[in-house]
Structure formats: C-alpha cells, structure tokens
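Here the structure comes first, spelled out in structure tokens, and everything after it is commentary.
The values are calculated or read from the model by the stated rules, or taken from the named source; none is laboratory data. Please read these numbers as outputs of a predicted model, since none were measured by experiment. Reconstructed Cβ throughout: ideal geometry from the backbone, glycine too, with neighbour counts over all protein chains shown. For accessibility, only protein heavy atoms count, side chains too; no ligands or nucleic acids. Shrake-Rupley method; radii C 1.70, N 1.55, O 1.52, S 1.80 Å.
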Amino acid sequence: MAAVALVNCTGDRDAPDAGGFRAGSVDLDDPYVPGSGNGGYDVGHYRLAVRYDPADDRLTGKAEVTATATQPLSRFNLDLAGLDVSSVTVDGAPAKHRHADGELVVTPRQGLGSGSRFTVEVAYAGVPAAVADGVLGSGGFQHTDDGAIALGQPHSAATWFPVNDHPSDKATYDIEVTVPDGLAALSNGVPGERTSADGWTTWRWAERSPMASYLTTLVIGDYRVETGSHAGKPLVTAVPAGLPATGAEAASLARTGEIADFLAGRFGPYPFEAYGGVVVADNRIGYALETQSRPVYGPGFFRTGEPNFGVVAHELAHQWFGNSVALARWGDIWLNEGFASYAEWLWEEHDGGRSAQRSFETQYAATDWSRPTLDPGPGQMFSSAVYKRGALTVHALRRTVGDDAFFQILRAWTTERRDATATTDDFVALAERISGRSLGPFFDTWLTGTAPPALP
C-alpha cells in the first residue's frame, strides 16, 4: 500500500447522493500540474500488462489498479491521455465509464464506502502520444526507430497506462511488457521471468517499494543488456546495441554500484531492491531522469566521448531524495534537485576533483539571487535556482550546523520519511530537531531571499 493517503484532495464538487456517496475530486489543485492527479482514493498497487509493436506503433494494455477509498465514492477519475478504453470493471463488475480530455471517469455499479479496498481493471489500446508541453522537453510515450521510450517529468505515465498521476499517491508495481523477439523491454525494479512464444517475448519487472507515477519508465529497442548483482541485489544496465561496449556510456554505468555505495555512506542504506541504469540514443531526450531503481540517461551527457560520473551520482542520489522520500507537492522540488546536485559535489570531491567547498564558492559567485529556490513557479521547476541554489542551501546548512549534525539530518530524513512524501516544512522541522537550532530564518534567506546571503 502507498504509505501516505491523499491529503491535498479538494473535496467533492458534486453534492452527495442519498447514500452519502460523492464523486472524487478531478485533480489535486497542484498549480504546477493543473488537471493531474485525482482525489477520493489512494492507490496501493498497479499491475500492468502491455504489448507493443514498433512496426505499427500500437500499444494494447490491461491495467489492474488496486486502491482504497478515502471518502465515500460514487465515481472517481484516472488520468489517461489519448488511448481508447474498451472496458472497465470495478471488483469484477462492469462499470460505466467515459474518457475525454485526459480523464477516465469511472462510475461503479455501487458506491464505494470510505476505507473500502477496490480493484479497477481497464482494457485499452491505441497509438500513444508524446507530451507536447513537457517542462523538460519531449516526454511521455515516444516511438523510436527501433522501439519506444516512455519517461518524463512531471508527466509521462498517463500516456501509456491509467494512473493517479501525482507523486503524492505512490504505489507498488508489477509491469509486464510483450515485444517482438530480439527487442529488450526495460522498466523499473527487480527483473522477473522472461518468456517467449510465437515471435514475441514478455519481459517482467516488479517494483515493491512505493513509486511516484512519473518515476515509471519503459524503454523498448535493440539494447545491450547487462544483468548482474551488487550488494546482493540485481543490477541491470543497458546501452543501445549501436554504441561501443567500452564507450563512455557503458563506462559510466559500470560504476553505478560503486557510486551508490558511496552515497549510501552519506545518506543511509540504499532504499530499493534493485540497481541499474539505461542510456538512450534518441536526441529528443535532452535530460537524465531518476526513474526508480533504473535511471535513464539521454545522449547529451556523453557527447564529449568521456565518461560522466557526475550525472550518475545525481540520478542515483535521487533514489533517496525524490524517489524514496517523494514530494507531496511540486513547489518543493528543490528537495529533490538541490540534494541531487549537492551529491555531484560530494562525488567529485571523493573522486579526486574539486572539494565541495570549492564548488560551493564557485556557484555562490555565479548565482542570480533574484530567483527563488522554494516554490519557483511552474516555468522554473528545472531552473538553476532549483538545482544550484538548492545545492548552495544544502552546503550552507552543513556549514551552519556542522558535519556531525548535517549528516545525521540527512540520514534521519531518508530513514524517517522512507517510502513516504514530505514538504520543505517537514525538512526544516527535522533539521531544527536534530541540530537543536532555530533554522527558519536560515532557510528563508537561502531559499527565497533576494540578496546574496552572508557566508556561513
């Protein structure tokens, strides 16, 4: 089950019927992602079975969504973009449904009582579409020359399965992907049994730790897949078959376990049951994304022909900051990106490069302090203010409270909030509790102040 119920639900927009049931809210009123996420229920598990043929770019799927009602429900919504829905059942009984404008509205035969557990099955098919307005650039489900790539932030999941598409509703996953023989189908979590029949191969993956929907991924194509183990857990990496086996991409992924161990020494135990990474060669993917347990790296990070261990450190740090401890709301995204950017500084220092202090001093001098880190606005979710000023705030906290308290704060955060969601206020409260200091003015200055803060 997801660890945290939906607390941002806007409540009913329709009057309750005679039985006290009412419709779940049609979004969570998060201004960063209007229309995304739905209220009235909490998803515990997704079981997805999809089949994809690159020859005609057609996806067919069946999704089984197990959830708990957080209010008496007469109907509820799932996010689903573009695909055609052929049938919906709730607890095995056919349910009325309509699908338009990215919303699948489901009306079960009988109302669902608050606290009741229910299972929705959705059969769907069609040609998936990319996300036209992805903040990072091209996202969602995208056809490629040899397969497809599904990823993106803050949107992507709803382009290939019905979902409650907001990080505040984390869930576990079983993902089964059937593709033509010879193609790989990579996703999140622990690899399962792979079977073939009649020219098709089914790849199976299981993510048993709660995962935000934007952290799901599906990468299909001609890939060189390496499967091994690290620290007793499976480690699966993949690079396009057309790239050299000893190139910068493969060399970068080869240090995944080592970098994860280094970060675990600073942040606490690695939070998931698998390790890995996937490199894609499609130039539309101009970013790397911390897809849970198996980050995806776009080609731009390896253009120099040299390994890029900094981006690996960044995406692996997200496994603690952003994945295990997820956002309750997108305005707090610095909790993800500030700590992941700081991890790059820590790794560079460890790997024989600049000290974290030197990186801090260089970035401090280059920062535009007029741009806030906390609640930066939808258009600035992935700006330097979030990443680099966020990292400045993290290092300034370290200088202010001292190393012992600082790393105790980080390890307590990743332990106490593991598999859950959190806000900036939660982090400030924890930092104050452990350090024994009042830190509100400190965070106000470093996160939102408009003048360069005094150096600690």
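Give the accessible area for T448 in Å² (nearest 10); use a 1.4 Å probe, count only protein heavy atoms, and leave out ligands, DNA and RNA.
60 Å²
Any lysines with Cα under 28 Å of the K96 Cα? List them, leaving off those in the same chain fewer than 8 positions away.
Within reach: K62, K170.
Quick check: at a probe of 1.4 Å, how many percent of the accessible area of segment 79-189 sits on carbon and sulfur atoms? Could you put the intermediate results ahead of the total?
On the way: 1810 of 3870 Å².
For segment 79-189, the apolar C and S fraction of the accessible surface comes to 47 percent.
Taking a probe of 1.4 Å, how large is the accessible area per residue of the chain, in Å²?
Computed with neighbouring chains in place, this is 37 Å² per residue.
Peptides 89-102, 178-191, 333-346: what's the order by average Cβ count within 10 Å, highest mean first?
Values: 89-102: 13.9, 178-191: 20.1, 333-346: 25.6.
Put in order of decreasing packing, that is 333-346, 178-191, 89-102.
Rounded to the nearest 10 Å², what accessible area does R22 show when all protein chains are kept and the probe is 1.4 Å?
70 Å²
Give the label of the value calculated from the structure for Rg/Rh (Cα atoms, Kirkwood Rh), choosing from (i) 1.16; (ii) 1.73; (iii) 0.97.
Calculated Rg/Rh (Cα atoms, Kirkwood Rh): the matching label is (iii).
Alpha carbon centre of segment 358-401 versus segment 427-452: separation in Å?
Taking the Cα centre of segment 427-452 as reference, the centre of segment 358-401 is 14 Å away.
With viscosity set to 1.567 mPa s at 4 °C, what whole-number translational diffusion coefficient in µm²/s follows for segment 360-456 from Stokes-Einstein and a Kirkwood radius over Cα pairs?
Value of D from the Cα-based Kirkwood radius: 93 µm²/s.
In Å and whole numbers, how far do the C-alpha atoms of segment 40-188 stretch along each principal axis, longest first?
For segment 40-188, the Cα spread along each principal axis is 47, 31, 27 Å.
Check which residues have an amide H placed less than 5 Å from N308's amide H, if you skip close sequence neighbours.
Excluding prolines and chain starts, which carry no amide H, the hits are S252.
Decide, for segment 59-136, between rounded, prolate and oblate: order the square roots of the alpha carbon gyration tensor eigenvalues as a ≥ b ≥ c, take rounded if a/c falls under 1.5, and otherwise choose prolate if a/b is larger than b/c, else oblate.
Taking the square roots of the gyration eigenvalues as a ≥ b ≥ c, segment 59-136 is prolate.
What is the percent of Cα-Cα separations in segment 306-358 that go past 14 Å?
Details: 720 of 1378 pairs.
I get 52 percent for the Cα pairs in segment 306-358 exceeding 14 Å.
For segment 267-426, rounded, prolate or oblate, judged on the Cα gyration tensor with a ≥ b ≥ c (square roots of eigenvalues), a/c < 1.5 rounded, else prolate if a/b > b/c?
On the way: a/c = 1.27, a/b = 1.15, b/c = 1.11.
It is rounded, given that a/c, with a ≥ b ≥ c, falls under 1.5.
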